[in-house]
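Participant: Here it is, the structure in full.
The values are calculated or read from the model by the stated rules, or taken from the named source; none is laboratory data. These numbers come from a predicted model, not from an experiment. Because the Cβ atoms are built from the backbone with ideal geometry, glycine has one as well, and the counts that use them run over all protein chains shown. SASA here: full protein model, heavy atoms, side chains in, ligands and nucleic acids out. Shrake-Rupley method; radii C 1.70, N 1.55, O 1.52, S 1.80 Å.
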Amino acid sequence: MANVGLQFQASAGDADPQNRPLLLLGQLHHLHRVPWSHVRGKLQPRVTEELWQAALATLNPNPTDSCPLYLNYATVAALPSRVSRHNSPSAAHFLTRLVRTCLPPGAQRCILMVCEQSDIFASACALARAFPLFTHRSGASRRSEKRTVTVEFFLVGQDNGPVKVSTLQCLVTATEGVRLAARIVDTPCNEMNTDIFLEEINKVGKELGIAPTVIRDEELKTRGFGGIYGVGKAALHPPALAILSHTPDGATQTIAWVGKGIVYDTGGLSIKGKTTMPGMKRDCGGAAAILGAFRAAIKQGFKDNLHAVFCLAENAVGPNATRPDDIHLLYSGKTVEINNTDAEGRLVLADGVSYACKDLGADIILDMATLTGAQGIATGKYHAAVLTNSAEWEAACVKAGRKCGDLVHPLVYCPELHFSEFTSAVADMKNSVADRDNSPSSCAGLFIASHIGFDWPGVWVHLDIAAPVHAGERATGFGVALLLALFGRASEDPLLNLVSPLGWEPAEQEAAVGRDSKRRRLV
């Protein structure tokens, strides 16, 4: 399904399904609420009302089900009728799967998505995941016809009127961000090295009218970014710290999103094995998600200062590679003894969050990374892991995940018990834990936090997306929808406001409580 144009329209219009294949999709009780008059023009003359009703009667989703209506030109598919409290009410993951398996082939196709207003954002992002942009299959390059999928939403329940133009525009922008992130993650390192990633950042910056700040190669070393420089100095394409900054008039707080952008991770001299190294092109998933989300957030009217910080490097093997036992001085001023060169993501992010704190003056710092393989064990393939110094923000991440389909589950936050895992006899800390059986995903996140300080009064959020950044061999664009939902109240967009779990404090209350309240403030 690569290289497909995705369009969202208030009405997809009528067409013979033999000319424009159709997939009707939704929870069964929602599908039953679609009047025949609404789907008749999309199904006739191939499907009668009696056949439509008979198909609905045969559906028995457990957890999903589908029924062909006319050969392979029209299909109706049912999502799970119920989900657990740790899943998204939109059943986003099942939605993506059904589109991949049930959407009929064709150059011009249509999806009629039946859902409630509260699920429209998550459903659109789930649809986008089914249509990756990157492919190098030879057949795709020879195909001359332009393929398009038109999506129409039919809303049921409360607020079930026509979809607003502003909503459609938000869905377009958000799904473009999802697909941008997935494309970057799917692209192999021989094409997505640090040079090319910087070009992607420049393209987004040019589109938004923002000139990126770039610190690169030996300048990183000179300016004290020992983490990013140490990880990337052995690669042909040098490492970089890049920043896109949105600073609108009237901003009341400063937010920094910091992304791990390891374009390839061999493990360095602590080299990965032949079965664990394939797929390491995905180690830039955090930075890719932040780029896609930043583009969408600014396009939809982000009202506060927002900085996207990209920590870019290739963890390569070569004569100049960092060795175990080397000691690096990071931007925080802390020294780190390297005992595992394959624990590199935390090193680049430590520099990134330190820069966000010291140079950008951020009140809220969120880092996103494909940080640990242990994340997939701790919270599974579908739920990112969140570690934060704020209980309110932990709960907000979980709620935002359920609202947008990028699911999240908490890790243990207990630095007083866990940070001793990094004890070093010769430096401020080591970069990898002494005991890999002691909550390694939590510990990895705490390493990053230590470089802004556990007593820092602002909000720090760490999101480990190592497992959900891909499904099988394809990137998912995970993280874009989550960031847009989590920070939705900082947007002028009404749909992002709707999916955000957070609210605003009154300005006078903020003035009264002062900066010490930053940890408790909600965006």
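Participant: Can you report the number of residues in the range 348-375 which are open to solvent by 10 Å² or more (accessible area, probe 1.4 Å), in contact (Cβ under 8 Å) with a residue 60 or more places away in the chain and either in a helix (DSSP H, G or I) or over 22 Å from Arg436 (Cα atoms) (or both)?
Facilitator: 6
Participant: Here's something else I'd like to know. Considering the range 466-490 alone, what residues qualify as being surrounded by fewer than 24 Cβ atoms within 10 Å (Cβ to Cβ) and over 12 Å from the mean Cα position of the chain (by Cα)?
Facilitator: Ala471, Gly472, Glu473, Arg474, Arg489
Participant: Residue pairs, Cβ under 9 Å, 6 or more apart or interchain, first in the range 318-346 and farther than 22 Å from Ala449 by Cα, second hydroxyl-bearing (Ser, Thr, Tyr). List them.
Facilitator: Ala321/Thr341; Thr322/Thr341; Arg323/Thr341; Pro324/Ser270; Pro324/Thr341
Participant: Tally the residues that are at positive phi and either among the β-branched types (Val, Ile, Thr) or in contact with a helix residue (DSSP H, G or I) (Cβ under 8 Å, 6 or more places away or on another chain) (or both), restricting the search to the range 373-427.
Facilitator: Count: 1.
Participant: Would you check which residues across the range 60-98 are assigned to a loop (DSSP other than H, G, I, E, B), touching a residue at least 24 places away in the same chain (Cβ under 8 Å) and either polar (S, T, N, Q) or under 20 Å from Leu127 (Cβ atoms) (or both) and list them?
Facilitator: Pro61, Pro63, Thr64, Asn72, Tyr73, Pro80, Ser81, Asn87, Ser88, Pro89, Ser90, Ala91
Participant: A further question on this structure: List the pairs whose first member sits in the range 21-43 and is within 22 Å of Thr64 (Cβ to Cβ), whose second member is crowded, with 18+ Cβ neighbours inside 10 Å and of a type in the set (S, T, N, Q), and whose Cβ atoms are under 7 Å apart, counting only residues at least 6 apart or on separate chains?
Facilitator: Leu23/Thr75
Participant: Now a separate question. Can you name the residue in the range 152-194 that is farther than 30 Å from Ser11 by Cβ and open to solvent by 50 Å² or more (accessible area, probe 1.4 Å) and is also farthest from the chain's Cα centre (by Cα) among such residues?
Facilitator: Asn190
Participant: For the range 382-431, which positions are within 21 Å of Ala181 (Cβ to Cβ) and open to solvent by less than 20 Å² (accessible area, probe 1.4 Å)?
Facilitator: Ala384, Ala385, Val386, Cys397, Ala400, Gly401, Cys404, Gly405, Asp406, Leu407, Val408
Participant: Separate question: Looking at Ala297, Ala293 in this structure, which one is of a type in the set (A, V, I, L, M), within 28 Å of Asn190 (Cβ to Cβ), at pLDDT 95 or above and not in a loop (DSSP other than H, G, I, E, B)?
Facilitator: Ala293
Participant: Looking at the range 300-344 only, could you name the residues that are part of a loop (DSSP other than H, G, I, E, B), hydroxyl-bearing (Ser, Thr, Tyr) and farther than 30 Å from Leu208 by Cβ?
Facilitator: Thr322, Thr341
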